[in-house]
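The values are calculated or read from the model by the stated rules, or taken from the named source; none is laboratory data. Remember, predicted model here, so these are calculated numbers, not experimental data. Glycine gets a Cβ as well: all are built from the backbone with ideal geometry, and neighbour counts include every protein chain shown.
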Amino acid sequence: MANPQVTAVRGIELNVRDLAASVAFYTNIWGLSEISRDGGSVYMRATGDEHHSLGLHQAASSDLRSFNLAAPDKASVDALHAAALGFGTKVLDAPHQLDAASGGGYGFSLTTPDGVSLTISSDVARHAERLDDKTKPNKFSHIVLRTQDPDRMDAFFMDLLGFRLSDKNGHIDFLRCSPDHHSVAIAHAPGPGLHHMAFELPDLDGLMGACGRAKMAGYPIEWGIGRHAGPGENVFSMFVEPNGFAAEYTTEMFQCDEATYPKRSIEYWKSVPIQPCSWGLATQRSEMLHKARSGTLTKDLNESGTNLGPRAAAN
Ligand SMILES: [Fe+2]
């Protein structure tokens, strides 16, 4: 098979110290729904048809466990596995039938060049019914990974997995595997680790409702609500969840036409001053968000054995 490619980011898997508290947050506040449970693992769906957008796994320390990418069929999974073996990256297993609790399907796991695990799968169970609530996420949108070697990470995603470069701004490299402007982004920051994860709301009204629910529950908006003036042009609102991870609600991600994108040069984006919000609303990022995106907040919480509970809104 020529040029096998992944076609979507399915979701993220997180190790968490307090499984019950994490499930409660993602159910009651973030708007996901538990779909299956297997021992110390809980799988949560968004309102779309993907089996799960978030897996939570009981562990001694909270950390990014892995993330999941979709391939179109078993032949593509096999071809990507063969390509990974030849690429020289660490391949963790051979394609096999995956656990039913996590949606089954056919897939294999490997690591990025700096050691973050990911699974590539096809034929995963999908939900026949979509849930009708636009204030809840409809799908996982994007994962942003910190790395000290962005060129090597870009090559892994583009040369091996078929991602295309959407934009670079000197701080983040934005990669797409579907019309969404970015599904994976590479942050030039000390790593490896999770910079932030984003869940998509179906529209702006739904995003505002979701933000209101989180804020009223004691989880303030750490940056936003804004619209990126830079790559992606999506609406964003950043929170910090109980394990110290940075979690984003997003909507209206720019949709790329493969025939005409990129519409701007890398030099253009590098020449534009960092202007975080085209509306002029979202200016300062909170200190807590800085700590979350750098990984130091989760590390501190692991060391103290505490969670980040509800707190008073700052605005
Ligand atoms: Fe984002």
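Descriptive notes on the structure:
- Among the residues listed as Ser178, Ser271, the single one being free of Cβ contacts under 8 Å to residues at least 40 places away in the same chain, of a type in the set (Ser, Thr, Tyr) and either more than 16 Å from the ligand (Cβ to nearest atom) or farther than 25 Å from Gly295 by Cβ (or both): Ser271
- Total residues in the range 218-257, condition near the ligand (Cβ under 10 Å from one of its atoms) and charged (D, E, K, R): 1
- Some residue of the range 261-270 being within 28 Å of Gly11 (Cα to Cα) and polar (S, T, N, Q): no
- Breaking point among (1) in contact with an Asp or Glu (Cβ under 7 Å, 6 or more places away or on another chain); (2) among the hydroxyl-bearing types (Ser, Thr, Tyr); (3) not in a strand (DSSP E or B), for Thr89: (1)
- The residue list Asp205, Asp159, Asp154, Asp167 contains one member that is of a type in the set (D, E, K, R), in contact with a Gly (Cβ under 8 Å, 6 or more places away or on another chain) and farther than 22 Å from Ala292 by Cβ, which is Asp167.
- For the range 203-260, filtered to residues that are hydroxyl-bearing (Ser, Thr, Tyr) and at pLDDT 95 or above, the residue that is farthest from the chain's Cα centre (by Cα) is Tyr219.
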